[in-house]
Every structure is written in structure tokens, then in C-alpha cells.
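To start, the structure itself, in C-alpha cells.
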Amino acid sequence: MQAPVPDVGDDPRTLTEAARAAYLRSDLAAARMLADQVLARAPGHAPALNLLGNLHLADGLLDDAERCYRAALAADANLRCARFNLGLVCLERGDRAGAIRELEPALDETSDAEDWLLLGNLLHSEGRADAALAHWTRATTRNPALVEAWFNLGSVQRALGRRQDARAALERAQQLQPGAAAIRLELGLLDHAQGRYSAALEQFRHAVAADPANVDARVNLAETLRIVGSSADAATLLAEVVSDHPDAGNAHKALGLIALSEARPADAAVHFRTARKSLPEDSEIAHLLAAAEGRTADAAPADYVRSLFDGFAVRFDEELTRDLGYRTPGELAAALRECLPEPPPPLRVADLGCGTGLAGVALGTMCASLVGVDLSPRMLDEARARNLYSELVCQDLVAFLNQGAEARFDALVAADVFIYVGGLDAVFAAARRALAHGGHFAFSLELAAEGGDAQAILRPSGRFAHRPDAVSVLAETTGFATLAWRETILRHDRAEPVRGLIAVLAAH
């Protein structure tokens, strides 16, 4: 039984305070009665109008609530709480942009941490990551124990590649909530991105122990096991996931990758088909399915290539040079040097698909200027650390070659790049446009003996192999003369040599 409405006199301020107290103790009938008494005496009393709006909002009467809040602001344009509450009305209606528009001017230094957190969440949902980070930071300043704000800061900074800031925020969140599976998962993803696989495995195991139903934690644990060479354990864990969650697309995708790595394309295709049903927008799955089924394509999707190498960046050099016997950058640089006069003139060079900068290292003193181009921001981070490049550009290589001035380079180098590009017509045309007369185009190809009339075939590995005769014809028709054209072993795949071609063309 609710307490009777106290007799607090006729003063609007006193009545409003009593109404607010009743509202806070959930005595909504008393709050409404007192608010009505205020408005009967002072129809434009802004705090009472705001409180009446809150009562309508509690009842789900959004139009009535909005009318009261707007009347309150008409009476007192500086009543921030009414502006904030208007934002809540917009939010209830699903109008996030409107909510942001009302909430932003409503916050000040006295606002609660939870209000800054809410606005940060909304800004992030609208793609305004930096603004969201600023608001979450404000939330942690107002309340250093607000775990959700620290977690959001760390999660988004990790996704943006700001690893040091991400780790500081996530470790703070973990201190506040040590057993949280979501925090452990984010820390594991951060360790994984930095190549700290033992630490990532520990974090993912903690996340799974804290929340055994967390599919993402289990799949990431399995993926990391696969990377460190425990494919059998990974497959067992993933089989358990799909047994519990038959439609878990990311688990089927991971199983497909294991099957591809074990040269079982038919099994891989089954998993990729299942994964595609729940992840229809994942272009990587579509590409890998095409590869597993032996279908062709013009090129690997840009976001697939970006994702692949973002995840591979920190271990790229070691795995390729140590484990796969990768020596293409050095061979390309040597072939290019053989085609230049002695001593070679300083060259304006673009390293297409520069990755971590291995070709830049091999080119050495041949470059008067060296521009690196790659789709992967994290590969570019690794290249930047070498201090070899005058400029690094995150862009598709054809767009890069076409957008600048003609004849602006003396040499273009593409080491192991065209394994992700099937049809080379657009690449060769753009390269010819960007090269000065007599300039050199040095590249490698993975060779395909099969393929019929096709210029390239898409192999189960997800990489393209090209027919050398078709590429030779393309070079001639595009305006290139062949200076060097020799077969080599590009690298090893599952202990088998991968046959390739080292070529140097001259623009005429």
C-alpha cells in the first residue's frame, strides 16, 4: 500500500521536490498528483513539466512525454535534463540519430558516467568511433569503476589497431571484473593480433571456462590452436561447437580452412556452404567456397585479402622465410637489377602489395623514392617500422596506379601479389599508364599448367595460378617488351614446391 500524499504546502518548488521524491521511490500516482498540483498553480513550471514527461515515458506514452519535455524546454531552454529525456524518447522510437542530436547538448561536466556511456554507445552504433571513444573516456573519468566503458574503449581501440591503448583499457576492465568472459575474449584477440599465441590461448581458455556457451571464444581458441600446429585439437573443438550449434557459421568456416590446409577441398566446400547460410555477407567464405569447388573468379575480394593479411602481419616474415622458404622479393630485385645499366640509376619505385616491406629491403639502394601500396593496414604498420618507404598507401593497386599522374614511376614491383588477382588486364593497363617510357615492371606469378583458355585458375588454396602464355600475350598487347622471364620455386606449400615465374617487362 502506497503512502498518502504529504501536505507540503502550495510552493511550486516544494511541491516539485516532493513529486520528484515520490517518483524516485516509484510512487507514480503520488508523483503525478503532486506534479498536477504544481502545474495547476504554475502552468509553465519547467521542472514539473519534465517530471510529468518522465511519468508519461514510464507509461510508454511517448507522444505525451515528448510534448511535456518540449514544453519544459520552451519554458527553460537551459533545462538539460529535459533535453536528455527527449533523447531517450527518440531512442525508444528507434531514432538513434535523433537521440544523439538531443543527448549531445544535454551533457556537461556534471552528467553521470552512465549518460556519457550511453551517448558513446549510440555514437559508435552510428559509425562515429572516435567520438564514441571520447565519450567513453569521459565516462571513465566520471566513474573509474565503470567496467562497460573500459571494455568498450578497449574493444574498439583493438578493432582500430590501437593496440597499446586497447591493452591498457582492457586490462583495467579485467582488474575490475577478472572473471568476465567477454573481457578475456577481447584480450585474447589482442594477443592473437600481436602474434602472442601462447597468451592468446590462455585468454581464450579462460573465456571458455567462464562462459562455455560463448561460441566466439571457442572458435577463436580453435583457430589459435590451428595456427600453432594443433589442427587435430582445433578440429575436435570445432566439431563440438557445431554439434551444439549446427548453424555456427564461424565454426564451419574454421573447419573449412582446416580441410583446405589438409588438401580436402570437398570437405571444405561442405563447411563453407553451411557457413555461407548464416554469414551471407562474408566475402571470404564465398571466395574460399569458389576455390574449394574449383570455380573461377576475377580476383580475391578486397576485404578477404585485407582480413587475411591483417591477421597474418605479425608472423608473416618469419613463417614465409623460415617455414615456407620464401625468396621471391630477392629474386625479383636481382632480376630487375640485371635489366638495368651499370651502375643502376636511382629509380622512382612503387612496391605493389608491399606487405611488410620484404621487397623494399631487397631493392635497397636502387630506389630514389619508394612508395608502398597494400590493402592491409597492419601489413603497412610492419612496413612502416622498417623506415624504408617514402610513402605508404592503403589502397587497391589498380586504383592507386590510375589515380596519379601518368609516367610517374621508373619501376613497379609486385612480389607474390597476383596470386590474389585472376584477370590481369586492368593491372597491366594501369601499370603501363603509371610507368615512364622504358620503365620496368617486375612481378611474380604462380604457374598453372592447366586452365584451358583461361588466363588464370583459382586453386583450392584460394590463390590464383596463371598460364604464362596468356600473360605473355597480355604483356605484348598492353605495350610491354619482355626482358626477363624465368621459372623458379616461389615457396613451399605443405612441403611441396610451388612453381612460379619471375618476370621483368619494359614499357615501350
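If you go through region 492-502 and keep only what is farther than 11 Å from Glu331 by Cβ and either of a type outside the set (A, V, I, L, M, F, W, C) or open to solvent by less than 40 Å² (accessible area, probe 1.4 Å) (or both), you end up with His492, Asp493, Arg494, Glu496, Pro497, Val498, Arg499. Inside region 311-333, residues that are at pLDDT 75 or above, crowded, with 18+ Cβ neighbours inside 10 Å and in a helix (DSSP H, G or I) make up a count of 5.
Checking each residue in region 191-222 for being in contact with a His (Cβ under 8 Å, 6 or more places away or on another chain) and under 21 Å from Asp247 (Cα atoms) picks out Val215, Asn220. The requirement of being within 21 Å of Ser111 (Cα to Cα), open to solvent by 20 Å² or more (accessible area, probe 1.4 Å), at pLDDT 90 or above and assigned to a helix (DSSP H, G or I) is not satisfied by Arg20. Of all residues in region 334-365, those satisfying the criterion of being of a type in the set (Val, Ile, Thr) and assigned to a helix (DSSP H, G or I) are Val361, Thr365. With respect to the conditions (1) in contact with a strand residue (DSSP E or B) (Cβ under 7 Å, 6 or more places away or on another chain); (2) not in a helix (DSSP H, G or I), Ala291 falls short on a single one, namely (2).
Among the numbered conditions (1) in contact with a helix residue (DSSP H, G or I) (Cβ under 9 Å, 6 or more places away or on another chain); (2) open to solvent by 10 Å² or more (accessible area, probe 1.4 Å), the only one that Leu289 does not meet is (2). Can you pull out the residues in region 160-171 that are open to solvent by 10 Å² or more (accessible area, probe 1.4 Å), without any contact (Cβ under 8 Å) to a residue 24 or more places away in the chain and part of a helix (DSSP H, G or I)? Those that are open to solvent by 10 Å² or more (accessible area, probe 1.4 Å), without any contact (Cβ under 8 Å) to a residue 24 or more places away in the chain and part of a helix (DSSP H, G or I): Gln164, Asp165, Arg167, Ala168, Glu171.
A quick yes/no check of all residues on (1) touching a Gly at 6+ places or on another chain (Cβ under 7 Å); (2) of a type outside the set (Val, Ile, Thr):
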| position | (1), (2) |
| --- | --- |
| Val242 | no, no |
| Pro246 | no, yes |
| Ala251 | no, yes |
| Ile258 | no, no |
| Ser261 | no, yes |
| His271 | yes, yes |
| Thr274 | no, no |
| Ser278 | yes, yes |
| Glu284 | no, yes |
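Under the condition of being buried (at least 20 other Cβ atoms within 10 Å of the Cβ) and of a type in the set (Gly, Ala, Ser), the residues counted in region 451-474 number 3.
For region 179-202, filtered to residues that are at pLDDT below 95 and open to solvent by 80 Å² or more (accessible area, probe 1.4 Å), the residue that is nearest to the chain's Cα centre (by Cα) is Arg196.
Residues that are closer than 21 Å to Tyr304 by Cβ, touching a helix residue (DSSP H, G or I) at 6+ places or on another chain (Cβ under 7 Å) and surrounded by fewer than 24 Cβ atoms within 10 Å (Cβ to Cβ) are absent from region 360-374. Only one of (1) closer than 24 Å to Ala266 by Cα; (2) in a strand (DSSP E or B) fails for Arg491. Which number is that? Checking Arg491 against (1) closer than 24 Å to Ala266 by Cα; (2) in a strand (DSSP E or B), the one that fails is (1). Working only within region 334-347, note down all residues that are open to solvent by 90 Å² or more (accessible area, probe 1.4 Å) and either within 15 Å of Ala442 (Cα to Cα) or at pLDDT below 90 (or both). Answer for region 334-347, where residues must be open to solvent by 90 Å² or more (accessible area, probe 1.4 Å) and either within 15 Å of Ala442 (Cα to Cα) or at pLDDT below 90 (or both): Arg337, Glu338, Glu342, Pro343. Residue count for region 132-150 under the criterion of being under 21 Å from Glu186 (Cα atoms), open to solvent by 20 Å² or more (accessible area, probe 1.4 Å) and either among the aliphatic types (A, V, I, L, M) or assigned to a helix (DSSP H, G or I) (or both): the result is 8. When we screen Arg93, Arg67, Arg20 for residues that are among the basic types (Lys, Arg) and under 22 Å from Asn121 (Cα atoms), the only hit is Arg93. Of the residues that make up region 453-465, is at least one closer than 30 Å to Thr365 by Cβ, in contact with a helix residue (DSSP H, G or I) (Cβ under 9 Å, 6 or more places away or on another chain) and assigned to a strand (DSSP E or B)? No, region 453-465 contains no residue that is closer than 30 Å to Thr365 by Cβ, in contact with a helix residue (DSSP H, G or I) (Cβ under 9 Å, 6 or more places away or on another chain) and assigned to a strand (DSSP E or B).
The values are calculated or read from the model by the stated rules, or taken from the named source; none is laboratory data. Quantities reported herein were computed from a predicted structural model and do not represent experimental measurements. Every residue, glycine among them, receives a Cβ derived from its backbone with ideal geometry; neighbour counts consider all protein chains shown. Surface accessibility is based on the protein's heavy atoms, side chains included, excluding ligands, DNA and RNA. Shrake-Rupley method; radii C 1.70, N 1.55, O 1.52, S 1.80 Å.
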